[in-house]
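The values are calculated or read from the model by the stated rules, or taken from the named source; none is laboratory data. All of these numbers come straight from a predicted model, not from anything done at the bench. Here the Cβ is made from the backbone with ideal geometry for all residues, glycine too, and neighbour counts use every protein chain on show.
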Amino acid sequence: MNFNELIKANKNNIKNIVKLITRSDNEDVEQEVYIKLWKNSEKYREQGSLKSWVGTVAKNASKDYLKSAAVRYSQNSTSDDFVLESVKDRKISPEENAIAQERRKRIIKAIDSLKPKLRETIMLCEISGYTYEEAAKKLKCPIGTIKSRIYNAKKELAEKLKDLL
């Protein structure tokens, strides 16, 4: 397993998982994920998808960070920055809400417009989180077919939604 390729292929996935769980861009946690991947790369067995394994490591590192003493200390801090952050209005403006809702509608419409086999495969793997192997078993087709369908579905979606990217 080439570690540099692993990092390049999963960098955005790791960043998104860390941001989702810690609710901030946290480069320290991302670095911790890379270190754990590097240290445990020899232990990885190709039983599931590599993306799932990387995702699990990122989730666990993010959860560990939230449990850490440093986070608890900063949350109990009364520094001016923390107080200002706590008081800041976190409500989404009506305009931002409308934009997000319109964006969701366009994405759903684009997915719905895919051919049935592409739509079914993209929903299983990207929305429901099935691995390629699990999707292949469920749809009773080869893994190569699943990969091809995912590729074609993403290609079509990218074309239909290019102004959102």
Practice task
Kindly provide the set of residues from the stretch 126-144 that are in a helix (DSSP H, G or I) and modelled with pLDDT of 90 or more, ordered by number.
Solution key: Tyr132, Glu133, Glu134, Ala135, Ala136, Lys137, Lys138, Leu139, Ile143, Gly144
Completion exercise
Going through the stretch 99-116 in order, the residues found to be out of contact with any Leu (no Cβ under 6 Å at 6 or more places or on another chain), part of a helix (DSSP H, G or I) and surrounded by 16 or more Cβ atoms within 10 Å (Cβ to Cβ) are Ile111
Fill in the blank from the handout: Picking from Lys39, Lys15, Lys43, Lys19, the residue that is modelled with pLDDT under 75 and in the same structural domain as Lys63 (by TED's automatic domain parsing) would be Lys43
Exercise for the section: Answer yes if at least one residue in the stretch 47-65 is more than 21 Å from Tyr132 (Cα to Cα), modelled with pLDDT under 80 and part of a loop (DSSP other than H, G, I, E, B), and no otherwise. Expected result: no
Handout entry: Counted residues, the stretch 79-120 - those being within 30 Å of Arg149 (Cβ to Cβ) and modelled with pLDDT of 85 or more
Key = 20
